[in-house]
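Asker: Here's a structure for you.
The values are calculated or read from the model by the stated rules, or taken from the named source; none is laboratory data. Owing to the predicted nature of the structure, the values given are computational and were not obtained by experimental measurement. A quick note on method: Cβ atoms are made from the backbone with ideal geometry, for glycine too, and the neighbour counts reach across all protein chains shown. Accessible surface areas use protein heavy atoms only, side chains included; no ligands, DNA or RNA. Shrake-Rupley method; radii C 1.70, N 1.55, O 1.52, S 1.80 Å.
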Amino acid sequence: MSPNDPSSSAPAAPGRKRPRWMRWVAELGLVALVIVGIQWWQARDVPRGPAPTFAAPMTDGRSGGLAEWRAAHPGQTVGVYFWAEWCPICKVQEASVEALRADWPVLTVAMRSGDAAAVAKVLHGRGLDWPTAIDADGSIAARYGLHGVPAFVVVDGRGEIGSVTVGYTTEVGLRLRLWWAAFRG
């Protein structure tokens, strides 16, 4: 018996195959769902409502934090970028954060990266002039419910957490999050 023999007892072939583009859309949707699920899981412990305030040593030798940063940018949406000198993904994201800082106020927080002098040396070596708070023991990140870096927290003009992302995010993604928080008011 040959496979083309109409008298064979093989089951009938299923209907027409789906077009390739429909498969691609389904696969893209599945990937997007997985990414959103991972983002949700990584930010599951982030508090809702007002952003936790903090005060910490800064790399320039003074003490500062979110309250001072927001006071310097009254009513504006601001970003708080958590990073670490030992984090390779943070290093990849540096250019995006640097470009973002040209248009949006971004306060950075160096988590578990040493004291102010050590972090200042890292920033200088990388050619970055970031306003950076020192989170030597990870307690600031813990107040935000963050379990990893890089993390980007958007704080709207009212001081409310607008969005949080953990892991690599494109410059466009960061800009859209800031824009959306500013747009919502």
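Asker: Just the residues that are in contact with a Lys or Arg (Cβ under 8 Å, 6 or more places away or on another chain), in a loop (DSSP other than H, G, I, E, B) and either aliphatic (A, V, I, L, M) or in contact (Cβ under 8 Å) with a residue 60 or more places away in the chain (or both), please, taken from region 131-142.
Answerer: Matches in region 131-142: 136 only.
Asker: Further, regarding this structure: Out of everything in region 48-94 that is under 18 Å from the mean Cα position of the chain (by Cα) and free of Cβ contacts under 8 Å to residues at least 40 places away in the same chain, what residue ends up being most open to solvent (accessible area, probe 1.4 Å)?
Answerer: 86
Asker: Also, quick follow-up: Tell me, which residue of region 150-160 that is over 8 Å from the mean Cα position of the chain (by Cα) and surrounded by 20 or more Cβ atoms within 10 Å (Cβ to Cβ) is nearest to residue 101 (Cα to Cα)?
Answerer: Only one residue tops the list, namely 154.
Asker: Name the residues in region 159-173 that are in contact (Cβ under 8 Å) with a residue 24 or more places away in the chain and either of a type in the set (Val, Ile, Thr) or out of contact with any Ser or Thr (no Cβ under 6 Å at 6 or more places or on another chain) (or both), would you?
Answerer: 159, 160, 161, 162, 164, 165, 166, 167, 168, 169, 170
Asker: Tell me, please, whether a residue that is closer than 22 Å to residue 71 by Cα, of a type outside the set (S, T, N, Q) and open to solvent by 30 Å² or more (accessible area, probe 1.4 Å) can be found in region 136-149.
Answerer: yes
Asker: Kindly indicate whether any position in region 111-128 is modelled with pLDDT of 95 or more, under 29 Å from residue 184 (Cα atoms) and crowded, with 17+ Cβ neighbours inside 10 Å.
Answerer: Checking region 111-128: not a single residue is modelled with pLDDT of 95 or more, under 29 Å from residue 184 (Cα atoms) and crowded, with 17+ Cβ neighbours inside 10 Å.
Asker: Please specify each residue of region 161-170 satisfying the condition of being open to solvent by less than 60 Å² (accessible area, probe 1.4 Å) and either under 20 Å from residue 102 (Cβ atoms) or assigned to a strand (DSSP E or B) (or both).
Answerer: Hits for region 161-170 are 161, 162, 163, 164, 165, 166, 169.
Asker: Go through region 96-116 and count every residue that is outside any strand (DSSP E or B) and touching a residue at least 24 places away in the same chain (Cβ under 8 Å).
Answerer: 14
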